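Data first, discussion second: the structure below is written as structure tokens.
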Amino acid sequence: MNVSETEFAQIARTHKSIIYTVCYMFSKNADEVADLFQETLANIWSGLPGFNGQSDIRTWIYRVTLNTCISADRKKRRAGCNIHDMDIALFEDNDHETKQINMLHKRISRLQPFDRAIVLLWLENMSYEEIGAVVGISTKNVSVRLFRIKEELKKMSDN
């Protein structure tokens, strides 16, 4: 696939919310999210010539973004880096629904990167087949993992 800069810019604009959402699930630090976003765009740019259209471009972008974020997360853990949160306030309200969303986000961020990716895709209303295509596991395995992840989330405390 031969892609021009204009075509790449259109792809990036169309899918920027997917990229940002995935990056945000791996960090709440604004600078780190921006770095992940930029690294993902670079990986998409370098990978586009090899994209052969066997899957939907959206599925491929999810996969590239998740792989980028998971790799960065592993490097950060190996290096023992501890980036401080800047408390990005997506929700200013203190109503019950907002508190539940914040609690769920905190719990999801404590999951292992692969499980975090599966939950994120599920929250994006992707089918089990699509999730499996993005993360590279069977539909049945997606179902089993989601069940286990939901149980793990229920057992977590809010500390």
| Ratio Rg/Rh, restricted to the range 110-150 and using Cα atoms, in which Rh is the Kirkwood radius | 0.91
| Where only protein heavy atoms count, and the probe is 1.4 Å, what is the accessible area per residue for the chain in Å²? | 61
| note | Two pseudo-spin positions, 7 Å from Cα along C-beta at M156 and at N43, lie apart in nanometres by 2.1
| request: Just need the relative contact order of the range 4-64 here, percent rounded to a whole number, with Cα pairs under 8 Å and 6+ apart. | output: 40
| Relative contact order (percent) for the range 100-154, with alpha-carbon contacts under 8 angstrom and 6 or more residues of separation? | 31
| request: Just the number, please: Stokes-Einstein D of the chain in µm²/s, Kirkwood Rh from C-alpha pairs, 20 °C, 1.002 mPa s. | output: 127
| note | Helix 30-47: inclination vs the chain longest Cα principal axis, degrees, rounded to 10, gives 30
| said: Compute the helix-to-body angle for 5-26: its Cα long axis versus the longest principal axis of the chain, expressed 0 to 90° and rounded to tens. | reply: 20
| note | Ranked output for segments 61-72, 27-38, 4-15 by mean other Cβ atoms within 10 Å, highest leading, reads 61-72, 27-38, 4-15
| note | Subtracting the Cα-Cα distance of Q112 and K16 from 0.36 nm times their residue separation yields 32.2 nm
| remark: What one gets for the range 8-59 as the Kirkwood radius, inverse of mean 1/r over different Cα pairs in Å, is 11.7
| said: Could you tell me the calculated FRET efficiency between E5 and N125, based on Cβ-Cβ distance and R0 = 35 angstrom, to the nearest 0.05? | reply: 0.65
| message | Please list, in order, the residues from the range 101-127 whose amide nitrogen is less than 11 Å from a point placed 7 Å along the Cα→Cβ vector of R74. | response | 114
| task | Among the listed pairs K28/K140; K76/K106; K99/K155; K28/K76; K16/K140, give every one whose C-alpha distance is greater than 25 Å. | result | K28/K140; K16/K140
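The values are calculated or read from the model by the stated rules, or taken from the named source; none is laboratory data. All values derive from a computational prediction rather than experimental measurement. Using ideal geometry, Cβ is built from the backbone for each residue, glycine included, and neighbour counts are taken over all protein chains shown. With ligands, DNA and RNA removed, areas are computed over all heavy atoms of the protein, side chains included. Shrake-Rupley method; radii C 1.70, N 1.55, O 1.52, S 1.80 Å.
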